[in-house]
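A.B. asks: Have a look at this one before I ask anything.
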Amino acid sequence: MGVIIDGKAIGEKIRKEIKADTERLIERGCRPGLAVVLVGDDQASRTYVRNKQKSSIEAGMKSELIELPVDVSQQALLNTVDRLNADPTIHGILVQLPLPPHIDESAVIQAISPKKDVDGFHPENVGKMIIGQDSFLSCTPAGILELLKQTGVDIAGKHAVILGRSNIVGKPMGQLLLQEDATVTYCHSKTRDLKSFTRQADILIAAIGRAEFIDADHIKEGAVVIDVGMNRDENGKRCGDVDFEGVKEKAGAITPVPGGVGPMTVTMLLKNTLKSAQRTCSNYISTNG
Ligand code: NAP
């Protein structure tokens, strides 16, 4: 049986370090602050937001939740983002996606100051990430990279196959692995003969949103399998994109759902918020003594 990659334990370890760094910053008079904007009352979004808030408070950060009604106007939402951009006690702004259909999601993402874009979705941060400049990295791919590194997975020269090409998971994931010298293949819903690619993968990242779609027949013996999917099976139980029970015997290492990628996403959000506060506060401290 392959190694089960414990994202919960790895995430907790990193969060302890974030908490210690946060305390040091607070001693210097600067408390990292994260603002989360929630539009509407989608239950899944509410759960994610609650989790992010809880984690930021546990790390010692200031946490602000702004709840807006589902029929909020685009202008009112943009005004909220503007206010948070100007608020010196807020270092990270996150607008929970998806937004209602009448709101232009990309306009909202672009309204967030790139300096406070702790989700790493702003085109300025995406562009910097692609050309290898310091930026806020998209939290889920950054968390996966951290999981691979902490598990001791050797990435250079490996064939990484990414299933899914979304802007928030698949695309940035491939870029980060490319920067680590992997050979990267992207697959998506129009890919023909998916198994011919997945069976070549030394590292397989499944981010397609289809319950237990990837089975043992898709996997090369000994592959590292990272399951990003967050789905419900026919009994309403949480599951990933990978048939965990079937694949774990064949994989060299595998992440479970829950307890794999999910905790790392939140951890990277805290890491980005701390980084933003460290940047702003060191400017502030050096200017004001
Ligand atoms: P998304 O925007 O819906 O993208 C899904 C991608 O999968 C698309 O690129 C799509 O291809 C591709 N795809 C769909 N069916 C496929 C198939 N049968 N074969 C190959 N590719 C297929 O989803 P996302 O936002 O990237 O999220 C993916 C999953 O990860 C979801 O379950 C989501 O809930 C989960 N997620 C988890 C975390 C976490 O922290 N654990 C964070 C983010 C997302 P096309 O481009 O051709 O349509």
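A.B. asks: Please name all residue pairs, on different chains or six or more residues apart, with Cβ atoms under 7 Å, provided the first residue is in the range 1-29 and is surrounded by fewer than 12 Cβ atoms within 10 Å (Cβ to Cβ) and the second residue is outside any helix (DSSP H, G or I).
C.D. replies: Met1/Lys248; Met1/Glu249
A.B. asks: From the list Glu234, Glu212, Glu221, Glu249, exactly one residue is under 24 Å from the mean Cα position of the chain (by Cα) and not polar (S, T, N, Q). Which is it?
C.D. replies: Only one candidate qualifies: Glu212.
A.B. asks: Looking at Gly92, Gly120, which one is outside the structural domain of Ile214 (by TED's automatic domain parsing) and either in contact with an Asp or Glu (Cβ under 9 Å, 6 or more places away or on another chain) or modelled with pLDDT under 95 (or both)?
C.D. replies: From the options Gly92, Gly120, the qualifying one is Gly92.
A.B. asks: Among the residues of the range 135-166 satisfying the criterion of being away from the ligand (no atom under 11 Å from the Cβ) and charged (D, E, K, R), which is least open to solvent (accessible area, probe 1.4 Å)?
C.D. replies: My answer is Glu146.
A.B. asks: Among the residues of the range 208-223 satisfying the criterion of being within 11 Å of the ligand (Cβ to nearest atom) and of a type outside the set (D, E, K, R), which is surrounded by the fewest Cβ atoms within 10 Å (Cβ to Cβ)?
C.D. replies: If we take residues in the range 208-223 being within 11 Å of the ligand (Cβ to nearest atom) and of a type outside the set (D, E, K, R), then Gly209 is surrounded by the fewest Cβ atoms within 10 Å (Cβ to Cβ).
A.B. asks: Tally the residues that are surrounded by fewer than 18 Cβ atoms within 10 Å (Cβ to Cβ) and either hydrophobic (A, V, I, L, M, F, W, C) or modelled with pLDDT of 95 or more (or both), restricting the search to the range 30-41.
C.D. replies: Total satisfying the criteria: 2.
A.B. asks: Identify all residues within the range 167-207 that are near the ligand (Cβ under 6 Å from one of its atoms), open to solvent by 50 Å² or more (accessible area, probe 1.4 Å) and within 18 Å of the chain's Cα centre (by Cα); write none if there are none.
C.D. replies: Selection gives Ile168 alone.
The values are calculated or read from the model by the stated rules, or taken from the named source; none is laboratory data. Here the structure is a predicted model, which is why all the values come from computation and not from measurement. Don't worry about glycine lacking a Cβ; one is built from the backbone with ideal geometry, like all the others, and counts go over all protein chains shown. Remember, those area values only see protein heavy atoms, side chains included, never the ligands or the DNA or RNA. Shrake-Rupley method; radii C 1.70, N 1.55, O 1.52, S 1.80 Å.
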